[in-house]
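Trainee: Quick one: the structure is below, questions incoming.
The values are calculated or read from the model by the stated rules, or taken from the named source; none is laboratory data. Since we're looking at a predicted model, the values are computed, not measured. Here Cβ is always computed from backbone atoms with ideal geometry, including for glycine, and neighbour counts include all displayed protein chains.
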Amino acid sequence: MDALDELRWISAPLFAEFSPERENREQFRLEFDHFAESDDDPLSEWLKLARARGETKESDPVLLAMMIDLHAKIDELARLIKGEKKRLVELTRSSALDGLNYSHFRLKEPKLKAGERYYGRIAMPVFPMRDFGLYFVALSDKIAELSLLHERDQRAWDGYAASRERAAIRQMKERQ
């Protein structure tokens, strides 16, 4: 039995788009870097400064986060109405995920080449909902190991995996 057989998988209804890194290395890196900066919209910057100055001590942090997300959604709707589109790099492959854990994911379809490095995006159902730009290395035709995520995205990935794992445990207990 090899190490890949020993990985514990958590069911997750996610979808990935990806391409071999060698196809467009520079554009992938620019997009990846853009995902790190995308949090730094003017309202988020204002909020960071207000927190640093202590101006949000009396405010509800959950309410502030929801207001920021609502503002982002309104901006996104305005862009849609104006016909503006997010400019994302075209990725050549896609697949639903069959499972994930804290450092790997498994595709439903065999679309990877073992040993090759890929750049991809996964729309993550976290708050605020967003696409994760990520790099990964194929360990087989279906299994990939995460190699680079932004720190904030890594925390959200781990949190998502933990919540899916807790949900699976609850379901198993309910069946017994």
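Trainee: Looking only at the stretch 87-102, how many residues end up being over 24 Å from Pro13 (Cα atoms) and surrounded by 14 or more Cβ atoms within 10 Å (Cβ to Cβ)?
Mentor: The qualifying residues number 0.
Listed here are the residues, each with its yes/no results for (1) in a helix (DSSP H, G or I); (2) hydrophobic (A, V, I, L, M, F, W, C); (3) at pLDDT below 90; (4) over 30 Å from Ile143 (Cα atoms).
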residue: Glu26; (1), (2), (3), (4): yes, no, no, no
residue: Leu30; (1), (2), (3), (4): yes, yes, no, no
residue: Leu43; (1), (2), (3), (4): yes, yes, yes, yes
residue: Trp46; (1), (2), (3), (4): yes, yes, yes, yes
residue: Lys57; (1), (2), (3), (4): no, no, yes, yes
residue: Leu63; (1), (2), (3), (4): yes, yes, yes, yes
residue: Ile68; (1), (2), (3), (4): yes, yes, yes, yes
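Trainee: When you check Gly120 against the structure, is it touching a strand residue (DSSP E or B) at 6+ places or on another chain (Cβ under 7 Å), modelled with pLDDT of 95 or more and outside any loop (DSSP other than H, G, I, E, B), yes or no?
Mentor: Yes.
Trainee: Quick one: is Tyr102 at pLDDT 80 or above, closer than 28 Å to Ala168 by Cα, of a type outside the set (A, V, I, L, M, F, W, C) and not in a helix (DSSP H, G or I)?
Mentor: Judged against the criteria, Tyr102 is a match.
Trainee: With among the hydrophobic types (A, V, I, L, M, F, W, C), over 25 Å from Leu64 (Cβ atoms), surrounded by 15 or more Cβ atoms within 10 Å (Cβ to Cβ) and in contact with a helix residue (DSSP H, G or I) (Cβ under 8 Å, 6 or more places away or on another chain) as the only criterion, which of Leu148, Leu112, Leu134, Leu107 stands out?
Mentor: Leu134
Trainee: Among what's in the stretch 70-86 and is in a loop (DSSP other than H, G, I, E, B) and under 21 Å from the mean Cα position of the chain (by Cα), pick the residue that is surrounded by the most Cβ atoms within 10 Å (Cβ to Cβ). I'd like the intermediate steps shown before the answer.
Mentor: Going through the stretch 70-86, the residues in a loop (DSSP other than H, G, I, E, B) turn out to be 83-86.
Next, only the ones that are under 21 Å from the mean Cα position of the chain (by Cα) stay: 85-86.
Working: Lys85: 8, Lys86: 10.
Out of the qualifying residues, it is Lys86.
Trainee: What is the residue count in the stretch 50-69 for residues that are of a type outside the set (D, E, K, R) and surrounded by 11 or more Cβ atoms within 10 Å (Cβ to Cβ)?
Mentor: Residues in the stretch 50-69 being of a type outside the set (D, E, K, R) and surrounded by 11 or more Cβ atoms within 10 Å (Cβ to Cβ): 8 in total.
Trainee: Of all residues in the stretch 152-163, count the ones that are over 11 Å from Val126 (Cα atoms) and touching a helix residue (DSSP H, G or I) at 6+ places or on another chain (Cβ under 9 Å).
Mentor: 1
Trainee: Continuing with the same structure: Where residues in the stretch 151-176 are acidic (Asp, Glu) and surrounded by fewer than 12 Cβ atoms within 10 Å (Cβ to Cβ), which of them is nearest to Phe35 (Cα to Cα)?
Mentor: Checked the stretch 151-176; the qualifying residue nearest to Phe35 (Cα to Cα) is Glu151.
Trainee: Also, quick follow-up: Here is a check on your reading of the model: is Ser140 surrounded by fewer than 18 Cβ atoms within 10 Å (Cβ to Cβ), not in a loop (DSSP other than H, G, I, E, B) and not charged (D, E, K, R)?
Mentor: no
Trainee: Inside the stretch 128-152, can you point out the residues that are modelled with pLDDT under 90 and under 17 Å from Ile10 (Cβ atoms)?
Mentor: The answer is Phe132, and nothing else.
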